[in-house]
Amino acid sequence: MLGVPNDPALRGIIPNCFAHIFGYIDEQKEAMTFLVRCSYLEIYNEEIHDLLVEQKKGVRKLELKEDPNSGVFVKDLTCIIVKSIPEIERAMNFGTNNRKTAATNMNADSSRSHSLFTIYIETGE
């Protein structure tokens, strides 16, 4: 998914998405305004953890909720505003460093969890 972020020929889907999103925003600056936010969560041992907050011992698990108007959501999940590719990359790198990993026979840094990095884009004219 990440590929080699610093090599344009080997960049993965995620860095290409960042470039596409912020490239489009730069092209539309005269006609529209944008608000870009992101969140990053991990599901580990059936618990949801916020990856955009400093991890401490005894991290509290987040709750999955449902609202009839807005649907399913994670209560108290951090959502931060990002204004550029470097800012969204910093958020992703910070969260990735908070993920649970452990060595396996096939991979020294195997992820022991599932994660969701979500980008929210709001527009106005």
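For the range 1-11, how many residues are within 27 Å of LEU62 (Cα to Cα) and either open to solvent by less than 90 Å² (accessible area, probe 1.4 Å) or in contact (Cβ under 8 Å) with a residue 60 or more places away in the chain (or both)?
1
Search the range 12-37 for residues that are under 13 Å from GLU87 (Cβ atoms) and open to solvent by 50 Å² or more (accessible area, probe 1.4 Å) and pair each with any residue that is modelled with pLDDT of 95 or more and assigned to a loop (DSSP other than H, G, I, E, B) when their beta-carbon atoms are under 8 Å apart and the residues are at least 6 apart or on different chains.
Here the result reads ARG37/CYS79; ARG37/VAL82, each pair linking the range 12-37 to a residue that is modelled with pLDDT of 95 or more and assigned to a loop (DSSP other than H, G, I, E, B).
Hey, can you tell me all the residues within the range 62-93 that are assigned to a strand (DSSP E or B), of a type in the set (Asp, Glu) and open to solvent by 80 Å² or more (accessible area, probe 1.4 Å)?
Hit for the range 62-93 is GLU66, nothing else.
The values are calculated or read from the model by the stated rules, or taken from the named source; none is laboratory data. As the structure is a computational prediction, the values presented were derived from the model and not from experiment. Ideal geometry is used to build each Cβ from the backbone, glycine not excepted, and the neighbour counts take in all protein chains shown. Protein only, heavy atoms only, side chains kept; ligands, DNA and RNA dropped before computing areas. Shrake-Rupley method; radii C 1.70, N 1.55, O 1.52, S 1.80 Å.
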